[in-house]
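Okay, structure first, notes after.
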Amino acid sequence: MKNLIDDIKRHTPRPISGYRYLKTQKIYIPFTKITIECLTRKVSILNLFFESILKLIDISVNDINEIARILGVPYSVVKEAVVDMVGVNYIYASENTLGITTKGANALKTRQRIDIQKTYLKDIIVDMITGSVYDGDSVKVSNTHKRDVFLEGVIQIDNSFLDSHFREINEVYQLQQKNKSVFSSGAITNELYKTIGISYSELHYVENEVYMYKSESSDELMFVFSTDNNDRYKNKFYNQLKDECRPCQEYFFETNRDLVKKIQSKPIMFEPTAISHTENINKLLFDDNTPEEVKIGAFTQRRYALNDREYLSYLYSSRASKYSNIFICSDNMSGILSHTFCSQLNVLANKIPVYIIYDKNERNIEKSLNYFFKNPNSYLHLVQSEEIEENLICYASELVMYLRECVVTAFDRPVVCMQPICDFSKRNVSETVVNLINKYSLDRFIKPNQHTQNVSRNRRRKKKQ
């Protein structure tokens, strides 16, 4: 139970005085990974052999044969070094006579070799909202799906951007060099000298979350991003949704007008006792001095869900494989289905029966179910009905979550929020299971040996308890 509570805590925003938490919405922030064509300046310790040759030339010993004799090395070795030194413009040669260049004189004076070369700086990633520049390995990008919500990028990456962010790009380059220092070639410094342009770019997205709160005394809404430096994401979020809704933000709102009217026709009657229990566990959850047994006791009171994805925590809990059955029953099944939810249901359906009971008249529900459950496991049952009265998720025999929805207005458009109640009463869970089996004739899916296994499993649990 401790691990389950810790997981729920990780996804629960801290309470804000005077506001009631409504929902969590994943928001994907655009980032662009780029490769920069540039010049780098590498400063390294001057090669000792080069330094010796430069010193001899500097005192007018400029014959290759003479230099070879003084240094005690073959003529061919000096000749090879001379070719390299001419190539980097340290010296010039005329037949066997050598002369020192200005660059060579500076190298001799500083005992440093300076090379400027063209290169391609890879794995640079840019936040398209803030313009911040990062090493690509330090940013975790996410896979996105059709119904996800995105912020629209506002940064234009061009030569002007490279010039204005030269310092940040060079810092990332220095960091990358430091990470590769185990393969160092003896350079004192290796820095960005000049940017030329963008040779490659690729758009990615990074997952963030925005928490939605409603004032307890008015209709005011508050949005808080889980990660947001100086509220820059929040400000762009407000501006973009206030001005006009981009196609990439359409799914933040509820587009099904019939569903909105249906939910509004059945206003939620809040339970004062459940609200009190919720406020209590919220305080205990973030108090590290509260004993675990006290948290567990408060956690299993009838209360509202601590976050709107709490139902997922039960699916991914180590206790999930011990559920005797899982029932999902809703007349708005599309509001529950997601890649995360459905993929785990498919996994659990290898071992335990999963029943998805849906209203066959719900808009596009058949298409959605076929999309999420292309190859359903043998224990996963899709049950259609003419009319659904219950809206719940039941993890037998642990708890039942009554799914209650409300509509709030944000930016003059409707947003549907889930306000589930969690009931851990064994009696209520048992009665819910019996009612669902009887009402939707679910016993037709239960195989004789499967029923025996479930009964035996429940008996073993009771003995352990």
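The values are calculated or read from the model by the stated rules, or taken from the named source; none is laboratory data. Not measured: the values here are computed from a predicted model. Quick reminder, even Gly has a Cβ in these numbers, built from the backbone with ideal geometry, and neighbours come from all protein chains shown. Accessible surface areas use protein heavy atoms only, side chains included; no ligands, DNA or RNA. Shrake-Rupley method; radii C 1.70, N 1.55, O 1.52, S 1.80 Å.
The Rg/Rh ratio for the stretch 1-44, using Cα coordinates for both the radius of gyration and the Kirkwood hydrodynamic radius, is 1.38. Annotation for Glu209 and Ser52: the two label points, set 7 Å from Cα along the Cα-Cβ direction, are 6.6 nm apart. A probe of 1.4 angstrom, applied to the heavy atoms of all protein chains, finds Ile116 with accessible area near 90 square angstrom. Kindly state, to the nearest 0.05, the FRET efficiency for Ser142 paired with Glu220, given R0 = 45 Å and r defined as their beta-carbon distance. The pair Ser142/Glu220 has a calculated efficiency of 0.90. So if we plug the beta-carbon distance of Lys103 and Arg10 into 1/(1 + (r/R0)^6) with R0 = 51 Å, what FRET efficiency do we get, rounded to 0.05? Approximately 0.30, to the nearest 0.05. Rolling a 1.4 Å probe across all protein chains gives Asp287 an accessible area of roughly 60 Å². Spin-label model, Arg363/Asp115: points 7 Å from Cα along the beta carbon direction are separated by 6.5 nm. The share of accessible area on the stretch 315-356 that comes from carbon and sulfur is 48 percent, using a 1.4 angstrom probe. Sorting the Cα pairs of the stretch 74-121 by distance into bins of 10 Å, from 0 upward, gives 23, 48, 24, 5, 0 percent per bin. Rolling a 1.4 angstrom probe over the protein heavy atoms with all chains in place gives the stretch 314-379 an accessible area of 42 Å² per residue. Protein heavy-atom surface of the stretch 111-226, 1.4 angstrom probe: 45% of the accessible area is carbon and sulfur, with nucleic acids and ligands not counted.
With N the number of residues in the stretch 46-171, Rg(Cα) / (2.2 N^0.38 Å) evaluates to 1.81.
For the stretch 179-308, the solvent-accessible area works out to 61 Å² per residue, with a probe of 1.4 Å and every protein chain left in place. Size descriptors for the chain (Cα atoms only): Rg and Dmax, in that order, 33.6, 107 Å. Loop-resident chymotrypsin sites (Phe, Trp or Tyr not before Pro) (DSSP state other than H, G, I, E or B) in the stretch 1-80 with no more than 14 further Cβ atoms inside 10 Å of their Cβ are absent. Classify the stretch 162-258 from the C-alpha gyration tensor, please: rounded if a/c falls under 1.5, else prolate or oblate depending on whether a/b exceeds b/c. Prolate, because a/c is 1.5 or more and a/b exceeds b/c. So which chymotrypsin sites (Phe, Trp or Tyr not before Pro) in the stretch 242-326 end up in coil per DSSP with only 15 or fewer other C-beta atoms within 10 Å? Passing sites in the stretch 242-326 are Phe270, Phe286. With loop membership from DSSP and a limit of 12 other Cβ atoms within 10 Å, the longest segment of the chain without GluC sites (Glu not before Pro) is 245-385.
Taking the stretch 143-175 and a reference point 7 angstrom along Cα→Cβ of Asp243, the backbone N atoms nearer than 18 Å belong to 150-157.
Taking the inverse of the mean 1/r over every pair of distinct Cα atoms in the stretch 360-451 gives a Kirkwood hydrodynamic radius of 15.8 Å. Find out how many positive minus negative residues lie around Lys262, taking Lys and Arg as positive, Asp and Glu as negative, among other residues whose Cβ is under 10 Å from that of Lys262. Taking every Cβ under 10 Å from that of Lys262, the sum is 0.
Projecting label points 7 angstrom from Cα along Cα→Cβ for Val86 and Ser60 puts them 2.4 nm apart.
Reducing the stretch 139-167 and the stretch 270-316 to their Cα centroids gives an inter-centroid distance of 38 Å.
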